[in-house]
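See structure below.
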Amino acid sequence: MPVSSSWQRIDAWPAVHAPATLALLRPPAAADELESAQQSLGVRFSVDLRESLSCHNGVSEWTSLLPEQSPLGAADIAEHGRMCLAIASDHDGLVARPWDDEPWWHPLWVPGP
């Protein structure tokens, strides 16, 4: 199922049951916003992530619309990714530890929307 179809289904529920929550979803990200976020992190977003951000560029304020966390917009993804890289580099988190098979953070990881 395409990401845009999933967003249509997600949008349909709050449209009926929680219109104030639906109103917190930002409009689609502009192409220059996507490009700026990707350049900032030095990665290319996956097709699915770009499609998701082309439906909604995150939320205007925190909401429990999706489990775990509010969806992030392109600029928020870049900011969160830069923060994680800074924390990881300060604490050698970019290196896998012998008792673990992955680092705390990796430069190619992108925070989810």
Query raised in the report: Which one of the conditions (1) at pLDDT 95 or above; (2) surrounded by 13 or more Cβ atoms within 10 Å (Cβ to Cβ); (3) of a type in the set (A, V, I, L, M) does Ala12 fail to meet, given that it meets all the rest?
Result: (2)
Query raised in the report: Got a number for residues in region 9-50 being closer than 21 Å to Glu79 by Cβ, in contact with a helix residue (DSSP H, G or I) (Cβ under 7 Å, 6 or more places away or on another chain) and assigned to a helix (DSSP H, G or I)?
Result: 7
Requested in this report: Keeping to region 49-68, report how many residues are of a type outside the set (A, V, I, L, M), touching a residue at least 40 places away in the same chain (Cβ under 8 Å) and closer than 18 Å to Val3 by Cα.
Outcome: 6
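Confirm whether Leu25 is touching a strand residue (DSSP E or B) at 6+ places or on another chain (Cβ under 7 Å) and either at pLDDT below 95 or within 22 Å of Pro111 (Cβ to Cβ) (or both).
yes
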**Report entry** Hey, Ala88 out of contact with any helix residue (DSSP H, G or I) (no Cβ under 8 Å at 6 or more places or on another chain) and at pLDDT 85 or above or not
**Finding:** yes
Query - Failed criterion for Asn57 (all others in (1) polar (S, T, N, Q); (2) out of contact with any Leu (no Cβ under 9 Å at 6 or more places or on another chain); (3) within 17 Å of Gln8 (Cα to Cα) hold) - result: (2)
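With respect to Ala78, is the statement that it is among the small types (Gly, Ala, Ser) and within 24 Å of Ser4 (Cα to Cα) true? Steps first, please.
Numbers: among the small types (Gly, Ala, Ser): yes; within 24 Å of Ser4 (Cα to Cα): yes.
Answer is yes for this residue.
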Query raised in the report: His56: assigned to a loop (DSSP other than H, G, I, E, B) and modelled with pLDDT of 95 or more, yes or no?
Result: yes
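Using the structure shown, decide if Val95 is over 15 Å from Ser36 (Cα atoms), without any contact (Cβ under 8 Å) to a residue 40 or more places away in the chain and in contact with a Gly (Cβ under 8 Å, 6 or more places away or on another chain).
Details: over 15 Å from Ser36 (Cα atoms): yes; without any contact (Cβ under 8 Å) to a residue 40 or more places away in the chain: yes; in contact with a Gly (Cβ under 8 Å, 6 or more places away or on another chain): no.
No: the conditions fail for Val95.
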Query raised in the report: Restricted to region 70-85, and to residues that are crowded, with 17+ Cβ neighbours inside 10 Å and either more than 17 Å from Ser40 (Cα to Cα) or acidic (Asp, Glu) (or both), which residue is modelled with the highest pLDDT?
Result: Asp76
Query raised in the report: With respect to the numbered conditions (1) of a type in the set (Phe, Trp, Tyr); (2) assigned to a loop (DSSP other than H, G, I, E, B); (3) surrounded by 15 or more Cβ atoms within 10 Å (Cβ to Cβ), which one is the sole condition not fulfilled by Trp62?
Result: (3)
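The values are calculated or read from the model by the stated rules, or taken from the named source; none is laboratory data. Just so you know, these numbers come straight off a predicted model, no measurement behind them. Don't worry about glycine lacking a Cβ; one is built from the backbone with ideal geometry, like all the others, and counts go over all protein chains shown.
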